[in-house]
There are 2 protein chains.
Amino acid sequence: MSFRRLSTERVYTGRLLKIDRDRVELPNGRATDLEMVRHPGAAAIVPFVSDDDILMVRQFRYATAGFILEVPAGTLNPDEPPDACALREIEEEVGHRAGRLTKIGAVYTTPGFTDEIIHLYVARDLVPVAQRLDHDEVLTVERLPFRRALEMIRDGGIVDAKSICALTLARDLAAG
Amino acid sequence: MSFRRLSTERVYTGRLLKIDRDRVELPNGRATDLEMVRHPGAAAIVPFVSDDDILMVRQFRYATAGFILEVPAGTLNPDEPPDACALREIEEEVGHRAGRLTKIGAVYTTPGFTDEIIHLYVARDLVPVAQRLDHDEVLTVERLPFRRALEMIRDGGIVDAKSICALTLARDLAAG
């Protein structure tokens, strides 16, 4: 069961988003046109500021018409390895440098229409540094018990998919 | 802390994807252009075929260049309520009618560039019906213990974000 790309066309190039429309022969032998948002990938981090507490961000998201609670995350720069991106985002978004970074997984956010993959980490041994936000990032940092964050998945206080994935894998890591 | 949409422009209309570029005044008072993939929403389901076992689909995803294991899911039709979509997708993708549907949550898949929200359900009291796949859906149904699916989140066997969210919330539901 394999597939073949028969042709590709870049049908949209925006400020951040790029869309390809590819003609693909599917593993069932049929040919179809597939639209795909091409994404450079991202990194998301569960930063432990103590044995019990983590840092999250309450971030304005236009897509949700308000603020939602998320783990710090960001898009890979060109040629940037995912772990370097993770360390950079902890510094920029929540103002800490991490002494220890553990990869806990990677997820496809929505494989039906984008190749975005988010690499997931736990960070420890944090020391404060200056926070550096982009001009269009509107967020505040919140410190909360890791246990509370897990409760907030259940009670609907956390609705961001990458954050739920990262917290779940961090829980699994803690459970051994 | 509020925001205002200053203008909107539909900059891409494809077969499935639509992109708006909106001029937005952010809650910090700055104005910026934001690209947003407009999505009708979706539903994803953890279907229990017995007390212990669930049904998942091993689906070809061009974005991942192969097959990945996912919970059954699909996009809302125009004016379709999420629970109706969930019941329809269980029938079409895994060939079962569900007698009982429980909403367990809803997640934003990637709020940085799309308003896609996926409504999450547990389905029970399944009876077999005919499976009806779209011509571009290439998948096989797999029955596996729910406990095994949770292990596969940890060991990297499941990398689809909505599936990890749905399974995590289903576990939380089972745990009470």
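The values are calculated or read from the model by the stated rules, or taken from the named source; none is laboratory data. For clarity, every value in this text was computed on a predicted model and none was experimentally measured. So basically every Cβ, Gly included, is an ideal-geometry build from the backbone, and we count neighbours across all protein chains shown.
Table: residues versus (1) touching a Pro at 6+ places or on another chain (Cβ under 9 Å); (2) within 21 Å of B:VAL107 (Cβ to Cβ); (3) modelled with pLDDT of 95 or more.
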position	(1), (2), (3)
A:ARG38	no, no, yes
A:PHE48	no, no, yes
A:ASP53	yes, no, yes
A:MET56	yes, yes, yes
A:TYR62	yes, yes, yes
A:PRO72	yes, yes, yes
A:ASP79	no, no, yes
A:ALA84	no, no, yes
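At least 2 residues that are among the small types (Gly, Ala, Ser), touching a residue at least 12 places away in the same chain (Cβ under 8 Å) and surrounded by 15 or more Cβ atoms within 10 Å (Cβ to Cβ) in each: list the helices (runs of 4 or more DSSP H) lying fully within region A:70-176 that qualify.
It comes to A:161-175.
Does A:THR75 satisfy the criteria of being farther than 24 Å from A:ARG171 by Cβ, within 14 Å of another protein chain (Cβ to nearest Cβ), touching a strand residue (DSSP E or B) at 6+ places or on another chain (Cβ under 6 Å) and of a type in the set (S, T, N, Q)?
yes
Can you tell me which residue within region B:72-92, out of those that are of a type outside the set (A, V, I, L, M, F, W, C) and under 14 Å from B:LEU55 (Cβ atoms), is nearest to the chain's Cα centre (by Cα)?
B:PRO72
Return the residues of region B:111-142 that are among the hydroxyl-bearing types (Ser, Thr, Tyr) and within 9 Å of chain A (Cβ to nearest Cβ); say none if nothing qualifies.
Residue satisfying the conditions is B:THR114 alone.
Answer yes or no: is there a residue in region B:50-60 that is out of contact with any His (no Cβ under 8 Å at 6 or more places or on another chain), among the polar types (S, T, N, Q) and touching a residue at least 12 places away in the same chain (Cβ under 8 Å).
Checking region B:50-60: at least one residue is out of contact with any His (no Cβ under 8 Å at 6 or more places or on another chain), among the polar types (S, T, N, Q) and touching a residue at least 12 places away in the same chain (Cβ under 8 Å).
Residues to consider are B:ARG15, B:ARG10; find the one that is basic (Lys, Arg) and over 30 Å from B:GLN131 (Cα atoms).
B:ARG10
Checking B:LEU87 against (1) farther than 24 Å from B:ALA175 by Cβ; (2) within 14 Å of another protein chain (Cβ to nearest Cβ): exactly one of these is not met. Which one?
Answer for B:LEU87: the failing condition is (2).
For region A:26-40, how many residues are under 30 Å from A:ARG15 (Cα atoms) and either without any contact (Cβ under 8 Å) to a residue 60 or more places away in the chain or surrounded by 16 or more Cβ atoms within 10 Å (Cβ to Cβ) (or both)?
Number satisfying all stated conditions: 8.
I need a count of the residues in region A:4-53 that are of a type in the set (A, V, I, L, M, F, W, C), part of a loop (DSSP other than H, G, I, E, B) and either over 29 Å from A:GLU80 (Cβ atoms) or facing chain B (nearest Cβ under 7 Å) (or both).
The total comes to 3.
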